[in-house]
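A.B. asks: Please see the structure below; I have some questions.
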Amino acid sequence: MKSLMNKIDRFCYRHPRFGIPNLMLYVVIGNAIVWLFSLFASANSGFNILEYLYFSPWHILHGEVWRIITFIIYPNSTGFLALIAFYFYYFIGHTLEQQWGSGKFTIYFFTGVLLTILYGFFVYFVFHMSLGVSATYIYFSMFFSFATLFPDVQVLLFFIIPIKMKWLGIVDAVFFLISVVNYVLVGNYAAALLPIIAVLNYLLFCGDWLFAYLHPAARRRRQNTVNFKNEVRRIRYEQQQKPYTRRCEVCGRTDADFPDLEFRYCSRCAGYHCYCIDHINNHRHFTE
């Protein structure tokens, strides 16, 4: 798994323009447009656009090919809670993109989409069942990733209740388990695996802690050492929340935290990339 992540990181480093910047902004806008249209259409004409957007292998193979992508913008709720969900989608997705970069986050998001599509067609061809699927579990897996990277970040639940992300992650895990149990109880074993497919995407990108914990030697090392990776993530996130004008591409120091530090732009890098005085002559240059 680490070797795969290293390959993804190297690919993103060598192709800095790869990816879709502000991907979650476009996804949330699409969800909001569909949500608004469904409200007005159902109130005035009774037409339900949502029936034509969710992922369904049977409908796709019978000509409705747009469903292979439109299930991404299928809103999980048609009420006021949808607005709260849209906000969290954007907040979490935008933060993960800042942490990983546009390239890696794009790969992460569409890996979840691809796994869902492949599993849907697998169930259709093997068990002759056409699952009606939205991107709900893909979005919930993003909660797991955010809670793993930033467990102590505090958010306002319903814009009122302060709560740390690690507790929301636990609630998210309970939701997954309840979904699996409900599907099993009604005998829909194929749908019961849908949440697990989403978790596979999370484990692929953020599952180092689990494999390290299950390994006895790694578990002993974790008890006696500081988790520097988590500390670096925490520090980077705190720095990203502070207003600044210049930020070093290498060490992440900003002029807000170090007002006396000198910053310069590299003329050999493609685009505008800022570095502190310690790294202006000691970094790998961005290329086209």
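A.B. asks: Counting other Cβ atoms within 10 Å, which chymotrypsin sites (Phe, Trp or Tyr not before Pro) in the range 61-99 have at most 13 and lie in a DSSP loop? Don't skip to the answer; put the middle values down first.
C.D. replies: Numbers: sites: 66, 71, 80, 86, 87, 88, 89, 90, 91; in loops: 66, 80.
Listed in order of number, the matching sites are 66, 80.
A.B. asks: At what distance in angstrom do the alpha carbon centres of the range 73-146 and the range 245-269 lie from each other?
C.D. replies: Result: 35 Å between the Cα centres.
A.B. asks: Something else about it: What residues of the range 106-146 lie in the reach of a label at residue 26, counting those whose backbone N is under 17 Å from a point 7 Å from the Cα along Cα→Cβ?
C.D. replies: In the range 106-146, the label zone of residue 26 (backbone N under 17 Å from the point 7 Å along Cα→Cβ) covers 106-114.
A.B. asks: Based on the mean of other beta carbon atoms within 10 Å per residue, what is the order of 257-265, 17-25, 99-107, most packed first? Show your work: numbers first, answer last.
C.D. replies: Values: 257-265: 12.6, 17-25: 16.0, 99-107: 19.9.
The peptides rank, most packed first, as 99-107, 17-25, 257-265.
A.B. asks: Could I ask something else about it? Using amide H atoms built 1.01 Å from N in the peptide plane, name the residues 5+ places from residue 135, or on other chains, whose amide H lies under 5 Å from its own.
C.D. replies: Those qualifying (amide H under 5 Å, at least 5 residues apart or on another chain) are 74.
Readers should treat all values here as calculations from the given coordinates under stated rules, not as data from a laboratory. Everything numeric here is computed off the predicted structure, so don't read it as measured data. Backbone-built Cβ (ideal geometry, glycine too); neighbour counts: all protein chains shown.
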